[in-house]
1. Condition test on GLY42, is it modelled with pLDDT under 95 and part of a loop (DSSP other than H, G, I, E, B)?
2. For the condition within 21 Å of the chain's Cα centre (by Cα) and loosely packed, with under 15 Cβ neighbours inside 10 Å, what is the one hit in GLN239, GLN216?
3. For the range 118-142: of the residues being in a loop (DSSP other than H, G, I, E, B) and more than 26 Å from PRO100 (Cα to Cα), which is farthest from the ligand (Cβ to nearest atom)?
4. Out of the residues in the range 53-96 that are hydroxyl-bearing (Ser, Thr, Tyr) and not in a loop (DSSP other than H, G, I, E, B), which is nearest to VAL4 (Cα to Cα)?
5. Out of all the residues in the range 1-31, which are out of contact with any Cys (no Cβ under 6 Å at 6 or more places or on another chain) and part of a strand (DSSP E or B)?
6. Can ALA74 be described as on the phi > 0 side of the Ramachandran plot, of a type in the set (A, V, I, L, M) and free of Cβ contacts under 8 Å to residues at least 60 places away in the same chain?
7. What residue, among those in the range 5-52 that are closer than 14 Å to ARG121 by Cα and of a type outside the set (A, V, I, L, M), is nearest to the ligand (Cβ to nearest atom)?
8. Please go through the range 169-203 and pick out each residue that is within 16 Å of the ligand (Cβ to nearest atom) and either surrounded by fewer than 18 Cβ atoms within 10 Å (Cβ to Cβ) or of a type in the set (Lys, Arg) (or both).
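The values are calculated or read from the model by the stated rules, or taken from the named source; none is laboratory data. What you see is a predicted model, and the numbers here were worked out from it, not measured in a lab. Counting neighbours? That spans all protein chains shown, and the Cβs are built from the backbone with ideal geometry, glycine included.
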Amino acid sequence: MALVPTMGALHRGHLSLVRRARAECDAVVVSVFVNPLQFGPGEDLDRYPRPLEADLALLRDEAVDSVFVPSVEAMYPAGSSTTVRLEGPLVTGLEGAHRPGHFDGVATVVTKLLIAARPDRLYIGQKDAQQCAVISRLAADLDTGVEVVVCPTVREASGLALSSRNAYLDAEQRRQALAIPSGLAAAVLRYDAGEREVACLVAAVEEELMRSPLLQPDYVAVVDPGSFIPVARARPNAQLVVAGKMPAVRLLDTVTLGVDRPPLVVPEALAVAGRGREQG
Ligand code: AMP
């Protein structure tokens, strides 16, 4: 049996995990839970989109076997006192540094979901690369026996990685957000041409990011995919990760060096999306 944990506001990225799980497992459970523990003070917990009826309709169309939609009170009843916390650079670096406590929230909810659903396999998205490393570590450390399946990032036609938070972007921000996949594409092209200096790959991304004044970069880094420790030289399977803030939303993206093709960026696709905007 497969578990696909989500926070809802489902898009094609989530559905790609559901479809893969459907193809590989006899039964599929999807959880929809906006986990307050993984939001920091001042983050978007209150305004996070919660279109539950639309989500349930999508999951009905995907013929999932069951949907788990717990309330906050059911997940964290009064008196709950247990937090699952990893230690070390995997949770203190990059996302961990910019969102203190975030991975405690992720680790705690994923552990509780694993205990509730007892899946054989857990399907998660590469887009949240550090989260993938945290969950894989946790699943191994706690002897869950769960096989963690990491699925590729699904993108809008423009090249922007699908995210429930993209709904916060206006047209201009969407245009400027394309600097992220453009930067990743530039770096992948340099890597594929033989460049192994991390500073050169990071510079290739930063050059693109600088073209978008609304985007304030948080970090650009090349890290070991398991430990999330920065690597001295780029190598196959190293993860190139980018995060930055738009006025209303923080964006994350990543590519696996030596594995992923450069993201295809098509700004003209934004005009089409603007007419019948793809949710995500
Ligand atoms: P979220 O609802 O944002 O917590 O995401 C639930 C799961 O969907 C996580 O494992 C994400 O990594 C995954 N996911 C989110 N966006 C994408 C995407 N664009 N492509 C593939 N998987 C995604």
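1. Details: modelled with pLDDT under 95: yes; part of a loop (DSSP other than H, G, I, E, B): yes.
Yes, satisfied.
2. On the way: GLN239 fails: loosely packed, with under 15 Cβ neighbours inside 10 Å.
Checking each option against the conditions leaves just GLN216.
3. Filtering the range 118-142 down to residues in a loop (DSSP other than H, G, I, E, B) leaves 118-120, 126-128, 142.
Add one more test, that the residue is more than 26 Å from PRO100 (Cα to Cα), and what stays is 118-120.
Details: ARG118: 19, PRO119: 13, ASP120: 17 Å.
For the range 118-142, the residue satisfying everything is ARG118.
4. Within the range 53-96, the subset hydroxyl-bearing (Ser, Thr, Tyr) is 66, 71, 76, 80-83, 92.
Now drop any that are not not in a loop (DSSP other than H, G, I, E, B), which leaves 66, 92.
Numbers: SER66: 11, THR92: 25 Å.
The extreme case among them is SER66.
5. LEU3, VAL4, PRO5, THR6, VAL28, VAL29, VAL30, SER31
6. Numbers: on the phi > 0 side of the Ramachandran plot: no; of a type in the set (A, V, I, L, M): yes; free of Cβ contacts under 8 Å to residues at least 60 places away in the same chain: yes.
Answer is no for this residue.
7. Start the filter on the range 5-52 by keeping residues that are closer than 14 Å to ARG121 by Cα, which leaves 5, 17-31.
Of the ones still in play, those that are also of a type outside the set (A, V, I, L, M) are 5, 19-20, 22, 24-26, 31.
Details: PRO5: 6, ARG19: 11, ARG20: 10, ARG22: 15, GLU24: 16, CYS25: 16, ASP26: 21, SER31: 9 Å.
It comes out as PRO5.
8. If the condition is that a residue be within 16 Å of the ligand (Cβ to nearest atom) and either surrounded by fewer than 18 Cβ atoms within 10 Å (Cβ to Cβ) or of a type in the set (Lys, Arg) (or both), then ARG174 is the only one that fits.
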